[in-house]
Amino acid sequence: MALVMLPMVSLLLLAGLSDWRLALKNEAHVVEQRVTLARSIAQATSSFVAGHIATVRTLALTSQIADPASEPDLEAFLQQVVAANPAWEGLGVFDAEGWKLAGGLAPRLTVNIADRPYFQEVMTSGRTVVSPALIARPTGSNVFVVAQPVQFGSGGRGVLVASLMTDELGRALTTLYGGPGFEIIVVDQQGQALVRPDPAIPNELRAAGDRPEVAAVLAGASGSLTTRGPRDVEQLTAYAPLSDLGWGVLVNEPVAAAFGAARRQLRLAWSLLGTTAILTSAFAWFLSGRLARLYDLQQVATDRARAAAEQLSRQLGFTSAITRHLGEGVFAFNRAGRLTFMNPAAERMLGWQEAEVLGQPIPSLIRRRGGRRDGQEGQGAADDALPGAPGTPGRLGDAGRACPMLEVARQGVMIQADDETFTRRDGSLVPVAYTCSPITVAGETVGAVVAFHDITTRKASEAALQDAARMREEFLAMVSHELRTPLTAVLGYADILLRQRHGTLTERQQRHAAGIRDAAHRQLALVNDLLDVSKLEAGKIDVSPVPVDPQAVVARAAGSMQVIAGQKDVNLRVEPGPPLPRVMADEDRLHQIVINLLSNAIKFTPPQGMVAIGAVLVEEPLDASAPRHASGQLPAGRLPAAWRAVAERATATYVAVRVSDTGIGIAPEHLAHIWDRFYQADSSSTRRFGGTGLGLTIVKRLTELHGGFVTAASEGAGRGSAFTVWLPAILAPVRSAPDVTPSPAVGMDALTPAGPGETTPVHGARGV
């Protein structure tokens with residue numbers, strides 16, 4: 001009996017050990033399957049995101065976005081694109097300051113994303129950025145963002161932002177890989193869950209980087225761990241990274257479900273070891289069936305990966321269709337500089353067919369042969385090789401120069417040119433503007449894509465503008481000579497007559513001579529005003545700013561106008577004021593500004609009236625309602641950087657020079673137009689007071705050249721008016737005040753925000 005039992009026990013022990021090893025092997029196989037599944041999901045996720053990145057990059061090259069004809073057209077185009085992409089929650093175009101220019105979720109300029117890290121990264125690096133999980137501001141839903149830099153045709157920069165719903169990614173992965181007992185989680189680079197199976201917290205982002213499986217996958221590792229899940233259930237977690245995005249995929253399954261089959265098989269095997277060989281054979285058959293089921297699971301995973309690849313192919317087909325229907329020319333090439341794609345628009349503009357030039361070197365297609373500039377081919381061969389050092393500056397058409405486009409494919413840095421020349425197939429030249437962007441796959445630059453358009457019409461317009469500017473300069477020079485020369489002679493002869501050097505004049509003759517002199521002075525002033533306005537509009541007047549004492553300018557101008565004020569029996573008063581900081585100004589031009597305002601005030605003030613002038617220091621907070629340039633800052637004119645910094649501070653300090661009068665005043669309906677050229681309140685005013693209506697136009701333009709602004713206020717007709725010139729102050733005290741002794745006078749009103757009668761400040765100015 002013992003001899004029989006000993007071999008039987010030995011066989012049972014060997015069989016039990018074999019079954020135990022087989023169970024361990026099965027568990028290891030299950031773990032390997034789960035890791036493989038996590039890698040497949042990671043690959044599908046990468047394909048999903050890469051497809052949308054490709055679409056966003058292509059859209060950024062379209063004329064509708066890079067050089068839109070109008071905002072409504074751009075809005076309609078963005079809405080069509082969003083409608084064609086179910087996974088997209090929104091699509092917007094933002095300027096370099098983060099303000100929304102177009103998009104379907106909010107009115108223009110009411111959304112600003114300048115504080116978003118992905119926006120800052122795009123503007124700094126100039127590359128496509130995929131953001132971590134975010135909670136969308138307009139809708140509160142979970143999204144992640146694909147942000148692509150945009151180069152506008154006008155020369156500015158911006159960002160195209162597509163918001164992708166994480167729910168759509170989750171549904172796609174669940175459809176492909178979901179199953180009973182599985183939990184698929186996708187975490188972003190910060191450890192936040194983009195996709196998770198728990199719908200109870202749909203809009204709450206929680207970082208889980210302290211969990212070992214999350215830390216491991218974010219470090220780029222793949223593998224598995226046994227962790228504790230919700231309700232302290234032991235679970236098997238397989239993980240795999242998305243190296244190109246910095247994300248990770250986690251697949252959770254209860255350990256009881258993952259290893260249940262293998263462990264049940266082990267227990268069953270040990271219970272059947274004491275039975276007959278028939279039961280052992282039955283157990284082997286059962287085990288083989290279970291292994292077959294595991295093989296079937298692997299096959300299902302493979303089929304789902306194939307479906308994901310087909311979906312990616314369809315997405316790429318959609319992207320290709322968009323590219324081929326663009327109005328701009330588009331071609332692409334690899335790192336070797338060989339053409340890989342050319343759309344129909346590029347074929348029309350360059351004269352080549354895609355099939356004829358695939359695989360050809362880019363320089364031989366778009367560069368001139370033999371360095372000719374006349375549009376004819378030279379005798380030399382095409383520039384296939386690239387002579388010169390990499391990145392050598394120069395036009396693409398210059399022989400002997402390196403092609404900067406190839407450096408984009410090698411270095412991965414986007415370039416653009418708004419005045420370049422390509423060579424057509426027939427050797428003629430076409431002026432173009434282009435953007436060359438790198439094509440990056442899995443973090444490696446594999447080529448570049450070029451979007452370009454013909455700028456022949458723009459070049460012709462620029463040439464016409466240059467001719468017009470030249471003709472205007474010639475006209476101004478002619479007018480300056482032909483009008484001023486005879487007027488100077490008339491003034492000289494009138495002065496000779498009034499001095500009576502060639503005989504005594506009667507009282508009547510003296511009046512006539514004085515009338516000739518005054519008329520000539522008025523005519524000369526008119527000519528000077530017309531020339532000043534023309535030069536200001538042509539940009540031919542520059543200021544040479546130096547530190548100037550504003551009180552001294554006020555005193556000098558008031559002294560110059562005292563005689564004229566006395567002739568009209570108008571009381572001209574200089575208001576007292578403390579020593580003021582200096583301002584950066586061209587002293588002659590600032591004197592001209594003050595003289596024009598005083599002359600206006602005296603002209604429109606009746607006898608026995610009052611004109612007051614003075615200057616004070618005012619600090620004004622830069623509130624959000626203040627008109628600003630596109631840069632977001634107050635205007636700084638053409639002044640040194642130190643003065644521009646004054647206008648960019650949180651609080652701007654100004655020297656305000658104010659001229660007020662008790663004259664005829666300005667009706668509210670005329671306040672908005674007084675800065676227009678040749679404008680006066682009505683025809684009767686023109687006949688009564690004379691003048692060209694150019695004085696305030698010149699004041700406005702000259703003040704803006706100094707980086708300041710001018711405002712006007714009046715309580716209505718017959719109630720006087722006040723004009724204030726605002727100039728940024730240099731925050732250093734003036735050593736001494738000008739020697740101005742004002743007479744007791746009607747005091748200037750405090751320079752505080754004006755009432756309803758005040759005009760809107762001009763060109764970046766604000767109400768005071």
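The values are calculated or read from the model by the stated rules, or taken from the named source; none is laboratory data. Treat the numbers as computed from the prediction; the structure is a model and nothing was measured. Backbone-built Cβ (ideal geometry, glycine too); neighbour counts: all protein chains shown. For accessibility, only protein heavy atoms count, side chains too; no ligands or nucleic acids. Shrake-Rupley method; radii C 1.70, N 1.55, O 1.52, S 1.80 Å.
Per-structure values
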| item | result |
| --- | --- |
| In segment 114-133, the residues that are within 20 Å of Gly248 (Cα to Cα) and in contact (Cβ under 8 Å) with a residue 60 or more places away in the chain | Thr128, Val130, Pro132, Ala133 |
| Residue ID - surrounded by the fewest Cβ atoms within 10 Å (Cβ to Cβ), chosen from residues in segment 421-445 that are more than 26 Å from the chain's Cα centre (by Cα) and within 17 Å of Val330 (Cβ to Cβ) | Arg424 |
| Helices (runs of 4 or more DSSP H) contained entirely in segment 650-768, each with at least 2 residues that are surrounded by 14 or more Cβ atoms within 10 Å (Cβ to Cβ) and at pLDDT 60 or above | 668-671, 695-705 |
| Residues being free of Cβ contacts under 8 Å to residues at least 60 places away in the same chain, of a type in the set (A, V, I, L, M) and open to solvent by 10 Å² or more (accessible area, probe 1.4 Å) - total across segment 585-621 | 1 |
| Residue ID - modelled with the lowest pLDDT, chosen from residues in segment 501-511 that are in a helix (DSSP H, G or I) and surrounded by 14 or more Cβ atoms within 10 Å (Cβ to Cβ) | Gln510 |
| Residue in segment 585-593 that is under 20 Å from Gly707 (Cβ atoms) and part of a strand (DSSP E or B) present | yes |
| Single match in Glu310, Glu377 (criterion: open to solvent by 60 Å² or more (accessible area, probe 1.4 Å), at pLDDT 55 or above and over 35 Å from the mean Cα position of the chain (by Cα)) | Glu310 |
| Selection count where residues are part of a helix (DSSP H, G or I) and open to solvent by less than 70 Å² (accessible area, probe 1.4 Å), scope segment 117-161 | 5 |
| 2 or more residues modelled with pLDDT of 85 or more and of a type in the set (Lys, Arg): qualifying helices (runs of 4 or more DSSP H) within segment 1-116 | 2-60 |
| Hits in segment 162-175 (condition: open to solvent by less than 30 Å² (accessible area, probe 1.4 Å) and either aliphatic (A, V, I, L, M) or within 15 Å of Ala38 (Cα to Cα) (or both)) | Ala162, Leu164, Leu169, Gly170, Ala172, Leu173 |
